[in-house]
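Reading through the structure tokens given below for one structure.
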Amino acid sequence: MITFEQVSVRYHDSATPALSGVDLTVPEGELCLLVGPSGSGKSTLLGTVSGLVPHFTGGVLHGRVTVGGRDTREHRPRELADLVGTVGQDPLAHFVTDTVEDELAYGMESLGLAPEVMRRRVEETLDLLGLAELRDRALTSLSGGQQQRVAIGSVLTVHPRVLVLDEPTSALDPGAAEEVLAVLQRLVHDLGTTVLLAEHRLERVVQYADQVLLLPAPGEPPVLGEPAEVMAH
Ligand code: ADP
Ligand code: ADP
């Protein structure tokens, strides 16, 4: 579902590449965990999947990244939006409406779906993420874990086959982080969504991963393997 072939990214103002020598295949319905210290290129790697790199960040991409068979360099992020959903660290910064239900509906508005299809998808997503009781709540009144579940839900109503998450639990307490990670695990199992997840607190997530890509310090090659192998590294 996602492939990287000898991918490297260099930003114009930097002598060292932000990412180099990445080879990775994430099969449909698997969860790949991306770990590494701050500045190791995790966000850059996720950006090559959503198309932000190279289209919006000015990084120069070598090699090839494909999602669902599409070369991300040949498509602008908007053209990939039905295929790849993206969730960041700070849901409040990205919310565009005021309530849970409106936020879940918003992402679908540009898809041209019939109103009853949109309504059904909102209902399905409220149930899937355990948000049904919160549907009329103001987004600002929710806990961090609830806000992050809404952020994931607003992407899921579009029915993306790939979900890319950039440290979605980093602003959360351990209980809320568990909430979000349990949701991700359920998505992979129930919906077959392919997930690429960057996290630095890996002890919480490694149990859910099918494979782990470790981006070490700059200059060292990436390490790819089963969770136990990479953890031993
Ligand atoms: P991580 O997500 O692991 O913290 P990043 O992908 O954000 O790593 O950053 C990797 C490297 O690329 C860092 O040295 C960072 O400063 C640099 N970088 C990231 N984005 C840009 C950008 N838009 N322009 C220039 N340099 C960038
Ligand atoms: P549509 O909304 O296009 O009429 P459905 O709502 O009937 O389609 O869902 C189509 C398929 O997508 C079903 O198998 C359903 O289980 C699955 N599905 C439901 N919700 C989601 C979601 N949030 N993300 C991905 N797939 C989903």
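The values are calculated or read from the model by the stated rules, or taken from the named source; none is laboratory data. The structure displayed is predicted, hence computed values, not measured ones. As a convention, Cβ positions derive from the backbone with ideal geometry for all residues, glycine included, and neighbour counts pool all protein chains shown. Heavy atoms of the whole protein, side chains included, go into the accessibility calculation; ligands, DNA and RNA do not. Shrake-Rupley method; radii C 1.70, N 1.55, O 1.52, S 1.80 Å.
Backbone phi angles across segment 89-100, fed through the Karplus curve with coefficients 6.51, -1.76 and 1.60 (θ = phi - 60°), yield HN-Hα couplings of 7, 10, x, 4, 5, 10, 5, 10, 10, 9, 10, 4 Hz in residue order; Gly and Pro are listed as x.
Which angle from 0 to 90°, rounded to the nearest 10, does the C-alpha axis of helix 174-186 make with the longest principal axis of the chain? It is inclined by approximately 90 degrees. Computed from Cα atoms, the angle from the helix 144-156 axis to the main principal axis of the chain rounds to 90 degrees. Let me make sure I get this right: for segment 174-218, a, b and c are the square roots of the gyration tensor eigenvalues over alpha carbons, sorted descending. Under 1.5 in a/c it's rounded, otherwise prolate if a/b > b/c, else oblate. Which is it? Here segment 174-218 falls in the oblate category. Helical content of the chain, expressed as a calculated mean residue ellipticity at 222 nm, amounts to -8500 deg cm²/dmol (DSSP H runs of 4 or more residues, -39,500 (n - 2.57) each, divided by residue number, nearest 500). Run the numbers on the chain and let me know its relative contact order in percent, using alpha-carbon pairs under 8 Å that are six or more apart. For the chain, the relative contact order is 28 percent. Could you tell me the distance between the Cα centroids of segment 187-216 and segment 83-112, to the nearest Å? Spelled out, the Cα-based centre of one part sits 22 Å from the other.
Once neighbouring chains are kept in place and the probe is 1.4 Å, which whole percent of the accessible area of the chain is contributed by carbon and sulfur? All intermediate terms of the calculation are to be shown ahead of the outcome.
Numbers: 5360 of 10750 Å².
On the chain, the fraction of accessible area on carbon and sulfur atoms equals 50 percent.
Accessible surface area normalised per residue over the chain is 46 Å², counting heavy atoms of protein chains with a 1.4 Å rolling probe.
Taking the Cα centre as origin and putting +1 on Lys and Arg beta-carbons and -1 on Asp and Glu beta-carbons, what dipole magnitude results for the chain, to the nearest 20 debye? It would help to have the intermediate numbers written out before the result.
Numbers: 17 positive and 33 negative charges, 101 e Å.
The calculated dipole for the chain is roughly 480 debye.
Helix 115-128 and the longest principal axis of the C-alpha atoms of the chain enclose an angle of approximately 70°. Label-to-label distance, Thr16 versus Arg76, with points set 7 angstrom from Cα along the beta-carbon direction: 3.5 nm. By DSSP, the beta bridges lying fully in the chain are antiparallel in about 50 percent of cases.
Sequence-ordered 3J(HN,Hα) estimates for segment 29-42 from the Karplus curve with 6.51, -1.76 and 1.60 and θ = phi - 60° stand at x, 10, 10, 10, 9, 10, 10, x, x, 4, x, 7, x, 4 Hz, glycine and proline given as x.
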